[in-house]
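The values are calculated or read from the model by the stated rules, or taken from the named source; none is laboratory data. The model shown is predicted, which means the values in this text are computed figures rather than measured ones. So basically every Cβ, Gly included, is an ideal-geometry build from the backbone, and we count neighbours across all protein chains shown. Accessible surface areas use protein heavy atoms only, side chains included; no ligands, DNA or RNA. Shrake-Rupley method; radii C 1.70, N 1.55, O 1.52, S 1.80 Å.
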Amino acid sequence: MYPVVCIDDLERSALARLDQNALGYYSSGADGEQTLRDNIAAFQRYRLRPRCMVDISTIDLTQTVLGHQVNMPIGVAPTAMQRMAHPEGECATARAAEQMGTIFTLSTISTSSIEQVAAAAPRATKWFQLYVLKDRAMTVRMVQRAERAGFSAIVLTVDAQLFGRRLADARNGFQMPPHLSMANFTEELKNTVKGSGEQASGINNFVQTLFDPSLTWDDLSWLCGVTRLPVLVKGVMTPEDAATAVDRGASGVIVSNHGGRQLDGCLATVDALGPVVAAVGHRCPVFMDGGVRRGTDALKALALGACMVFVGRPLLWGLAHDGERGARLALQLLHSELRLAMGLCGVTKVADVTEKVIEKSERSHL
Ligand SMILES: Cc1cc2nc3c(=O)[nH]c(=O)nc-3n(C[C@H](O)[C@H](O)[C@H](O)COP(=O)(O)O)c2cc1C
C-alpha cells in the first residue's frame, strides 16, 4: 500500500492499480484537456487570507443543504461505472458518504442500481443524477424509482447532450467490461451497450442512441412537473443559463464542466462560479464541482459563494485504492484539510466563510 496523506497520493495509487481501459475512462478530459488541467490550476490563481488570534478551538463543518444537515460541505459527484474501480462500486462509495455524513450522487449510468445503493447506504443523503432519455416514459420511471428508494433530489445534467471526445477512450476503444452492466436499465438496453463493437468509445455509442440531444429548458419545466423532489441543474457555466434554470423551476444549480470532459477550452469552474453566484445566489443554492483536490480548494469555492462543493475523480481514486475504506479516506482527507484551512483563516463555521477569506492573485502560479 502506498502511504496516503493527500488526494494526489490516492491518485498515484489508483494509477498503479487500474487497467488502461478504466484509467483512460476515469482520468481523461475532452480533446486537448486544457479545461481538465485548468480546473485544477485555476484554484492556484486565488489566494487565502490567514487571520490570527481567533478562538478556533472548535471548528464546525456542518452545512444545511436543501433542508438536510450534512457534516461537511464536500460531497460526492456522480461518476459513471464505479465497479470498474472496485467490485462494490457505487455501493462502497455511498457507504463512505454515509459514514462521513455527506451527500452521495448516483449516476444514471451506474454499475449498481438505484435500489442496490439505497439498500447499501439507507441513511446516506442520496441524490440521483438524471440523463433524460429519448424515451420519456422510461425517464419518468427512473425518477420514480429514485423517489421510492429514498433519494432526496434529482440532479439533471444539462451539459452532455452530446458526449465530449475523450481521446484516451477513442484510442483504447473503451468498452465497459463484459461482467458489468448499466444497472439502472433493462436487459434490452444492457444488450445495446454490450453489443457495441465499434472503434470509438462504447459509451458514446450508447449515449447517442438513448440520450436525448433535443433537450431544451421546456424539458426542465416538464421534469419539475413530474417529480415531487427538488431538481438541481448540473453543468451550468454562465449566469444566463443559471438564471434561466431557476426561472424554469430549478431548486439549485451546480456549476460544472463535467470535470473537463465536455467542451474543452471552456472556463475552469472556480472561475465560472462567482458570476453565477452573483446572478442567482440570492434565489437558490449554488454548488460547484471540478478540480477540487484539497481542503483549501473547497474553502476558496465556499468563499466565492458555493453552498457546497462536489468531487468526482478523488472518490474514484479512493475506491480503486481500497474500496469503501479508500473512498472514506478521500472524504476524511478533504474534511481534515478543510477544517485546518478554515481555522488558519480564522473561520469557525461554514456560514462565516465569505469573500473576505480570499483574494484573486494577478500572477499565474502554474
Ligand atoms: C469517470 C467520470 C464519469 C462521470 N460520469 C458522470 C455521469 O454519469 N453523470 C454526470 O452528470 N457527471 C459525470 N461526471 C462528471 C462529474 O459528476 C463531475 O462533474 C466531475 O467529475 C468533477 O470534476 P473532478 O473529477 O475534477 O472532481 C463524470 C466524471 C468522471 C471523471
What span do the alpha-carbon atoms of the range 1-81 cover on each of the three principal axes, reported in whole Å from largest to smallest? 49, 31, 31
Placing unit charges on C-beta atoms (Lys and Arg positive, Asp and Glu negative, everything else neutral), compute the dipole magnitude of the range 1-144 about its Cα centre in debye, rounded to 20. 300 debye
Using a 1.4 Å probe on the protein heavy atoms, what percent of the accessible area of the range 84-194 belongs to carbon and sulfur? 52 percent
As a test of the definition: which semi-axes, in Å, follow for the range 216-335 when you take the square root of five times each eigenvalue of its alpha carbon gyration tensor? Largest first, please. 26, 17, 13
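Dipole of the range 234-284, Cα-centred, from +1 at each Lys and Arg C-beta and -1 at each Asp and Glu C-beta, to the nearest 20 debye?
Values: 4 positive and 5 negative charges, 39 e Å.
That gives a dipole near 180 debye.
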In deg cm²/dmol, rounded to the nearest 500, the helical mean residue ellipticity at 222 nm of the chain, built from -39500 (n - 2.57) for every DSSP H run of length 4 or more, is -12500 deg cm²/dmol
Where does helix 269-280 land angle-wise versus the long Cα axis of the chain, in degrees 0 to 90, nearest 10? 80 degrees
Expressed as a percent, the portion of alpha-carbon pairs in the range 52-199 spaced more than 18 Å apart is 62 percent
Quick one: plug the Kirkwood hydrodynamic radius of the chain (C-alpha pairs) into Stokes-Einstein at 25 °C, 0.890 mPa s, and report D in µm²/s. 120 µm²/s
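Strictly over 25 Å apart at the Cα level, which of 134/234; 234/356; 126/234 would you flag in this model? Spell out each step's value before the answer.
Numbers: 134/234 19 Å; 234/356 27 Å; 126/234 15 Å.
Pairs exceeding the cut-off: 234/356.
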In percent, how large is the relative contact order of the chain, given Cα pairs closer than 8 Å and 6 or more residues apart? 28 percent
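What is the magnitude of the charge dipole of the range 233-358 about its Cα centre, with +1 placed on the Cβ of each Lys and Arg, -1 on the Cβ of each Asp and Glu, and no other charges, expressed in debye to the nearest 20? Before the final figure, lay out each step's value.
On the way: 13 positive and 12 negative charges, 64 e Å.
It comes to approximately 300 debye.
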